[in-house]
Amino acid sequence: MRALTEPDVRASFVNSDPEELRLIEMPHDFVLIDWDFHDFLAWRDPASSKRGCVVVELEGRLVGIVLRSTDPGRNRTGMCNICHTMQPGNQIALFSARRAGDAGRRGDSVGTYICADLSCHENVRLAHPLAPNEVRVAGQVDIRLDGTRRRMEGFANRVLDGLS
C-alpha cells in the first residue's frame, strides 16, 4: 500500500457523514506505520469501542469504510471472513458497514465476520505452527496475503455497490 497522510485517509471515506468523519480518531501509531507491509489499513477507533475503519486501494482509488461492530462472541471459535484465521469466539466480531450513496442513506448495509481488533493484515503474516509431518510450501504466505487483500477489496466493492 502506498504511504498515506491523515488528509488522504479522511478524504477516502465513502459511507460516513461529515459529523461522523469529524469524530473518527486515527490510530495512535499512524505516523509509525510501515506502509510496505500493509495491503490495507484497518483500525478500531480509539474514541468509540463500536467503530472501526478500513482504507483499501481499489484500482488506484482510496476507499475508506466506517464499520460498526457487535460485541464479540464468547463461546465458540470462529473464522474471520477476511484473513481466514481461526480465532477464539471473543476475538471475532460481526462488522457492518452502511452502503455508499443513496442505498446507505436508505439504511442498506453489508456485514461480515472480521477479527475483532481488525488485525487481519498482521494475522495473515504470522507463520502457523507445523504439525510433525507437515512441510511449509513455498509461496503459501503469499497466497494467504493475496486472498486477504482480495476479500477486503470484495467487501469494499459490496459497500460501493450502493453508489449509482
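Since every read-out is calculated from the coordinates, none of them should be taken as a lab result. Everything quoted here is computed from the prediction, not taken from an experiment. Virtual Cβ from ideal backbone geometry, glycine too; neighbours counted across all protein chains shown.
Quick look at the numbers
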| read-out | value |
| --- | --- |
| Single residue of segment 46-102 satisfying the filter (in a helix (DSSP H, G or I) and either over 27 Å from residue 161 (Cα atoms) or among the aliphatic types (A, V, I, L, M) (or both)) that is nearest to the chain's Cα centre (by Cα) | 91 |
| Output for segment 17-45, where each listed residue is in a loop (DSSP other than H, G, I, E, B) and either within 15 Å of the chain's Cα centre (by Cα) or among the small types (Gly, Ala, Ser) (or both) | 26, 27, 38, 39, 40, 45 |
| Sole residue being closer than 19 Å to residue 120 by Cβ, buried (at least 19 other Cβ atoms within 10 Å of the Cβ) and charged (D, E, K, R), chosen from 51, 68 | 51 |
| Close pairs (6 angstrom Cβ cut-off, 6 or more residues apart or separate chains): under 16 Å from residue 40 (Cα atoms) in segment 9-27, in a helix (DSSP H, G or I) anywhere | 13/21; 26/6 |
| Residues (closer than 19 Å to residue 108 by Cβ and in contact with a helix residue (DSSP H, G or I) (Cβ under 6 Å, 6 or more places away or on another chain)) located in segment 44-78 | 63, 64, 65 |
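Per-residue answers, yes or no, for (1) crowded, with 19+ Cβ neighbours inside 10 Å; (2) within 19 Å of residue 156 (Cα to Cα); (3) not basic (Lys, Arg):
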| site | (1), (2), (3) |
| --- | --- |
| 31 | no, no, yes |
| 36 | no, no, yes |
| 47 | no, no, yes |
| 78 | yes, no, yes |
| 85 | yes, no, yes |
| 101 | no, yes, yes |
